[in-house]
Amino acid sequence: MARILIVEDEPEIARMLEDDLRLEGYEVETAADGPAASTLGREPRFDLILLDVMLPGKDGFDVCRELRKSGVTTPILFLTARTHEAEKVLGLDLGADDYITKPFSPRELRARIRARLRTQPKSAAPSGITVDEDRGEVRCDGQRVDVTPLEYKLALTFVRNRGRLLSRNQLIDLAWGRDTYITERAVDAHIVNLRRKLAGLEIVSVRGMGYRLDG
Ligand code: CA
């Protein structure tokens, strides 16, 4: 059964959500502040995150932005209290999948959750490479991978440009820095090493053009 992370600082609402979703058969875990949400949200075991906006420590918008920036693809459904919060979810490029305004009916919330889980195949949960910029870590299928500072920058460059072809010159600019002199052969060697460490990672070599992180 799907596992849901509830991020909500008001204990009564959190408990109500928890009970309701457990009754529906979901596995549920809770977090009560922004920093906890940022940490737990990166765990690959969750299929969906219910994210309150007004939270102690760090607001839901920042949490969402951080999670997306580090490559987390878990669906995020915002719980927003006020209309302007809802507008922000709609208007900003936060990477949220849906939102629901408080007060909401449990029935509507359940329907939204079901809809989200249907469109998200289990295998699309965070797999492959993610980069946690707060912690300075590269992960492969949720497992931390030991990388050099340069490999970290390379991994970050690929994650930020997922699905996009990067020429060796672009990679040098982005990962090494614009004025670095390094041969294309050396770039290839570093990518070979990174690929080896991230077994299963889809860094595709595009003949004569560069590299692309698929997925
Ligand atoms: Ca709140």
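All of the numbers you see were taken from the coordinates with simple rules; none came from a lab. Owing to the predicted nature of the structure, the values given are computational and were not obtained by experimental measurement. All Cβ positions, even for glycine, are placed from backbone atoms using ideal geometry, and neighbour counts span all protein chains on display.
Here the Karplus relation 6.51 cos²θ - 1.76 cosθ + 1.60, evaluated at θ = phi - 60°, turns the backbone of region 204-210 into coupling constants of 9, 8, 9, 3, x, 10, x Hz, with x for every Gly and Pro. Within region 129-213, the proportion of C-alpha pairs whose separation exceeds 17 Å stands at 41%.
3J(HN,Hα) along region 184-189, derived from phi through the Karplus expression 6.51 cos²θ - 1.76 cosθ + 1.60 where θ = phi - 60°, amounts to 5, 4, 5, 4, 4, 5 Hz, with x in place of Gly and Pro.
Rg and Dmax, both from the Cα atoms of region 1-114 and both in Å, are 12.6, 34. In this structure the amide hydrogen of Thr101, modeled in the peptide plane, comes within under 5 Å of the amide hydrogens of Thr80, none closer than 5 places in sequence on its chain.
For the pair Arg207 and Glu12, a Förster radius of 45 Å applied to the C-beta separation gives a FRET efficiency near 0.15, rounded to the nearest 0.05. When the chain is treated as a Gaussian network with alpha carbon springs shorter than 10 Å, the biggest mean-square fluctuation among Ser167, Ser105, Ser38 belongs to Ser105. Ranked by the mean number of other Cβ atoms within 10 Å of their residues, highest first, the peptides 19-32, 49-62 come out as 49-62, 19-32. A Förster radius of 25 Å combined with the Cβ-Cβ distance from Asp20 to Arg82 puts the calculated FRET efficiency at roughly 0.65.
Convex hull volume of the Cα atoms of the chain, normalised per residue: 126 Å³. Measuring nothing but how far apart in sequence close Cα pairs (under 8 Å, 6+ apart) lie, relative to its length, the chain scores a relative contact order of 14 percent.
For region 34-88, the Stokes-Einstein estimate of translational diffusion at 25 °C and a viscosity of 0.890 mPa s comes to 218 µm²/s, using the Kirkwood hydrodynamic radius over alpha-carbon pairs.
Residues in region 104-113 carry Karplus couplings, in order, of 10, 8, x, 5, 5, 4, 4, 5, 5, 5 Hz; the curve used is 6.51 cos²θ - 1.76 cosθ + 1.60 with θ = phi - 60°, and Gly or Pro positions show x. Highest mean packing first, where packing is the average number of other Cβ atoms within 10 Å per residue, the peptides 63-71, 156-164 line up as 63-71, 156-164.
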